[in-house]
């Protein structure tokens, strides 16, 4: 995910693609969330007698939700600014490569995180699995947009894909806060 995030952001900056920047930003948040979930699971293994609160499950869930909310205006304002000034994103082969890699890898992560989260009854891991599912859908949209721009020169498709990614990030944030509220 670190490579995915770095390549997507770099390719987005180089090509001027807000869809790639949004995807890279979401990937970075997913990476932070994964580290937080991993730390939670380590505490859970070391201290199996502690409850969710003592282990910090709520903190992990809140961190992910807050990071997603912070990403929303960054993506949204970037899209609006680029559109208003008439920016035309270029095609990006490295962006296509990272999107294709995510299309292949994310379903595997999604199913495995969901399976382990359910079997071990670890809600933060199950929430993280949903993020992987969302990343898969976003990567399909991103790859489609990048391919359309590359083969047909339809530069404005980048804005459409960025809005689609923005909607998925908003849904992710809303779902994360709903899960937190349901736990309390």
Test set (1) surrounded by fewer than 21 Cβ atoms within 10 Å (Cβ to Cβ); (2) closer than 24 Å to residue 83 by Cα; (3) modelled with pLDDT under 90 - residue 133 fails condition number: (2)
Among the candidates 178, 91, residue that is closer than 16 Å to residue 9 by Cα and more than 16 Å from the chain's Cα centre (by Cα): 91
Lone unmet requirement of (1) farther than 16 Å from residue 8 by Cα; (2) in contact with a helix residue (DSSP H, G or I) (Cβ under 7 Å, 6 or more places away or on another chain); (3) in a helix (DSSP H, G or I) for residue 154: (3)
Test: residue 32 is touching a helix residue (DSSP H, G or I) at 6+ places or on another chain (Cβ under 7 Å), within 14 Å of residue 161 (Cβ to Cβ) and either at pLDDT 85 or above or surrounded by fewer than 24 Cβ atoms within 10 Å (Cβ to Cβ) (or both): no
Boolean, residue 92 is within 24 Å of residue 2 (Cα to Cα) and either crowded, with 16+ Cβ neighbours inside 10 Å or at pLDDT 90 or above (or both): yes
Candidates 125, 147, 143, filtered to the one that is closer than 18 Å to residue 68 by Cα and part of a helix (DSSP H, G or I): 125
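The values are calculated or read from the model by the stated rules, or taken from the named source; none is laboratory data. Fair warning: this is a prediction, and the values are worked out from it, not measured in the lab. All Cβ positions, glycine included, derive from the backbone under ideal geometry; neighbour counts span all protein chains shown.
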